[in-house]
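Quick note: the coordinates plus some simple rules give every number you see, no bench work behind them. Predicted model, so just to flag it, every value in this text is computed and none were measured. When we count neighbours, we look across all protein chains shown, and the Cβ atoms used for this are built from the backbone with ideal geometry, even at glycine.
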Amino acid sequence: QVQLVESGGGLVQPGGSLRLSCATTGSIFSIGAIGWYRQAPGKQRELVALITSGGSTNYADSVKGRFTISRDNAKNSVYLQMNSLKPEDTAVYYCNAGIRRTILDTRTDYWGQGTQVTVSS
């Protein structure tokens with residue numbers, strides 16, 4: 001069974017840094033684009049950063065220049081380096097990936113369980 005497992009969240013002061021990780025488990029044929037999303041209380045889930053299988057990246061305007069998404073295809077993992085964190089970055093962060101389990105499968109969306117990031121003094 002394929003699962004996405006996030007880690008690395010926590011409490012950090014404004015201006016601090018955190019590095020989120022998202023690891024995939026289970027048998028996988030291929031992974032397409034992988035994205036980090038976040039959802040703050042009372043708000044809709046929003047895309048924070050996306051990286052394609054070829055390494056192209058996109059970022060939400062609110063995090064450009066502060067966050068960096070990367071992936072390690074050998075480990076089927078994706079990372080989100082978050083610098084200069086602000087209180088408005090506080091949210092549950094989720095990773096999402098389009099995964100083909102076997103060569104015969106179509107790509108299916110998978111979500112992790114989320115990791116809490118709290119930016120507060």
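Assorted remarks:
- Relative contact order %, the chain, counting alpha carbon pairs below 8 Å whose residues are six or more apart: 36
- Once the trypsin sites (Lys or Arg not before Pro) in DSSP loops with at most 11 neighbouring Cβ atoms within 10 Å are cut out of the chain, the longest remaining piece is 76-121.
- Only Lys, Arg (+1) and Asp, Glu (-1) charged, at Cβ; the chain dipole about Cα centre in debye: 100
- Residues whose amide H comes within less than 5 Å of that of Gly16, counting only those at least five positions distant or on another chain, are Leu85 (H built at 1.01 Å from N in the peptide plane).
- DSSP-defined antiparallel bridges as percent of all bridges, the range 2-121, nearest 5: 95
- Leu47/Lys86 FRET efficiency (R0 25 Å; Cβ-Cβ; nearest 0.05): 0.90
- With N as its number of residues, the chain has a Cα radius of gyration that, divided by 2.2 N^0.38 Å, comes to 1.04.
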